[in-house]
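One structure below.
Derivation of every value follows stated rules applied to the coordinates shown; laboratory data play no part. The structure presented is a predicted model; accordingly, all values stated were derived computationally and were not measured. Using ideal geometry, Cβ is built from the backbone for each residue, glycine included, and neighbour counts are taken over all protein chains shown.
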Amino acid sequence: MTERQDLLRNLPAVDRVLRETPLADLSEYLPQEALSSAVQAVITNLRRQILEKGEVAPAERLEPLQVARAAAAQCRLLLEPSLRKVINATGTLLHTNLGRAPLSHSALCAIQSVSEGYSNLEFDLDSGCRGYRYSHVEKLITQLTGAEAALVVNNNSGAVLLALTALGRGREAIVSRGELVEIGGAFRIPDVMEAGGLQLREVGTSNRTHLRDYQQAISDNTAILLKVHTSNYRIVGFTKEVPARELLPLAREHGLVLMEDLGSGLLLDLSRYGLEREPTVQEVVQAGVDVITFSGDKLLGGPQAGIIVGREGLVQKMRQHPLARALRIDKLTLAALEATLRLYLKPERAFDELPVLNMFSADPAFQKQRCERLLQRLEEEKLPVELKLLEDISRVGGGAMPLTELPDWAVEVTPLKARTQDLAARLRTYTPAVVTRVQNDRLLINLRAVFAEEEELLTQILIAALQAKG
């Protein structure tokens, strides 16, 4: 007990620690309250160790300078950006946790241009009067999709919520059980419908739904027939679903809104690159669907946004709904989305300039050459590691095309003096951080989502991480 009490008495006072150089140097950048709070947190942790274990190892951690260094390390985290650049070496192209689609050079330039000063966000330069925020993209969207009208909100879940609320609140929407999807973060279509004030009417079974199921479910309270794209999963085998075009006559007969949530949404057919054949937004518009929603930051290759297209009267109801303001996008998103959409006016420009489309169309033979170069560079360093070139697959990610596997290559790294998980964690500490895949206790470096200008930096980080001690 005496030894524990002696250790507690040796804990330095906060004001004594604050005079040490590591914290004094930070006083120019952080307020006294932040420095004091960090010191108190370190001392509290040391006191807890003493009370629980009866010791602090090494004992030098009780010295004021060591406490100051530990507190300074915490304080520096406040001065460093938490949201920062990552090199994506996972082989997942639309990696939700890594920000989904990287933006094109055109989009980045547009963001910089409107963010450096003022812009005509809601100002009509011709008339000198107040303008309409969405006029910057509405004509582009209708031109590209063939729809009568368009509206943009902050993400596709918001688009679905706004459409359902504005067009069916207090009434009923009919959905196939096989389409009651849950997306990332445990957001579910039934929950979105409940938030929008709609009653859910499930029809069919999880694997088979027929037209007669919709017919039998329609009542005087029905407002919407809703189709939901199962973007993040597929039911295969003994299955049956009713395409929107087959539901259209039923919707017209009963005066109902036919709505389809496309999830990712495609403006170009990507099946020639080995991706699943899916209907484009244009095709769904041409089929006569009343309201269509899709994402801007997935297969479209733009910023996070929820895009709504459809009949003018229905879109106008959404524009006038109070939720439209709550879900509206800011000027930076609008600038990036406009620049992205302009690329689609000439499809060859979209394929040339949009990073995601570049990645989808990457030649596996070229990817193999990139991996071979990386492998050779690592072998030249004589690192404590086993290296191997192996065939791999890349995935679309972002809750899109779950069955698509793009033939690819990767460099397999097996450290000899460290655990694979520790190496993966170490790579995440660099600036920029490197995120990889760990599979069967092997670290895989897939280069499909790594930009050409990142290759040399990635190589240097790998070498440094493999050479690091401890």
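Structural remarks
- Using θ = phi - 60° and Karplus 6.51 cos²θ - 1.76 cosθ + 1.60, couplings along region 45-59 (whole Hz; Gly, Pro as x): 5, 5, 4, 4, 4, 5, 5, 7, 10, x, 7, 10, 10, x, 4
- Full-stretch length increase - F451, L389 - with 0.36 nm per residue and alpha-carbon distance subtracted: 20.4 nm
- On Cα atoms only, tilt of 105-115 relative to the major axis of the chain in degrees: 80
- Over region 2-78: Kirkwood hydrodynamic radius from C-alpha pairwise inverse distances, Å: 12.5
- Highest-first arrangement of 116-122, 252-258, 97-103, where packing means the average Cβ count within 10 Å: 97-103, 252-258, 116-122
- Convex hull (Cα only) mean projected area of region 339-470, reported in nm² to one decimal: 9.1
- Mean ellipticity per residue at 222 nm, deg cm²/dmol - from DSSP H runs of n ≥ 4 across the chain, formula -39500 (n - 2.57): -12500 deg cm²/dmol
- Distance violations [Cα-Cα > 21 Å] among K298/K368; K139/K317; K388/K417; K298/K346: K298/K368
- Computed from Cα positions, the angle between helix 135-145 and the longest principal axis of the chain comes to roughly 60 degrees.
- Modelled this way, with points 7 Å down the Cα-to-C-beta line, the labels at A365 and K53 are 5.9 nm from one another.
- Scattering profile of the chain at q = 0.06, 0.08 Å⁻¹ [log10 I(q)/I(0), Debye over alpha-carbon scatterers]: -0.39, -0.66
- Computed from the C-beta positions of E380 and K417 and an R0 of 25 Å, the FRET efficiency is 0.85 to the nearest 0.05.
- Between helix 244-254 and the chain: long-axis angle, C-alpha atoms, 0 to 90°, nearest 10: 60
- Length-normalised contact order of the chain in % [C-alpha pairs under 8 Å, at least 6 apart]: 19
- Phi angles across region 84-100 convert, under the Karplus curve 6.51 cos²θ - 1.76 cosθ + 1.60 with θ = phi - 60°, into 3J(HN,Hα) values of 9, 5, 9, 8, 8, 10, 8, x, 9, 7, 9, 6, 4, 6, 10, x, 6 Hz, Gly and Pro given as x.
- Contour minus Cα-Cα distance for E80 and R328 (0.36 nm per residue): 86.3 nm
- In order along region 421-427, the Karplus-derived 3J(HN,Hα) couplings, from 6.51 cos²θ - 1.76 cosθ + 1.60 at θ = phi - 60°, round to 5, 5, 5, 4, 5, 5, 4 Hz, and Gly and Pro are given as x.
- Among beta bridges from DSSP that stay inside the chain, the antiparallel ones total about 55%.
- Computed from the C-beta positions of T431 and Q5, the FRET efficiency with R₀ = 45 Å rounds to 0.55.
- A Förster radius of 60 Å, combined with the Cβ-Cβ distance separating Q216 from N97, puts the computed FRET efficiency at roughly 0.90.
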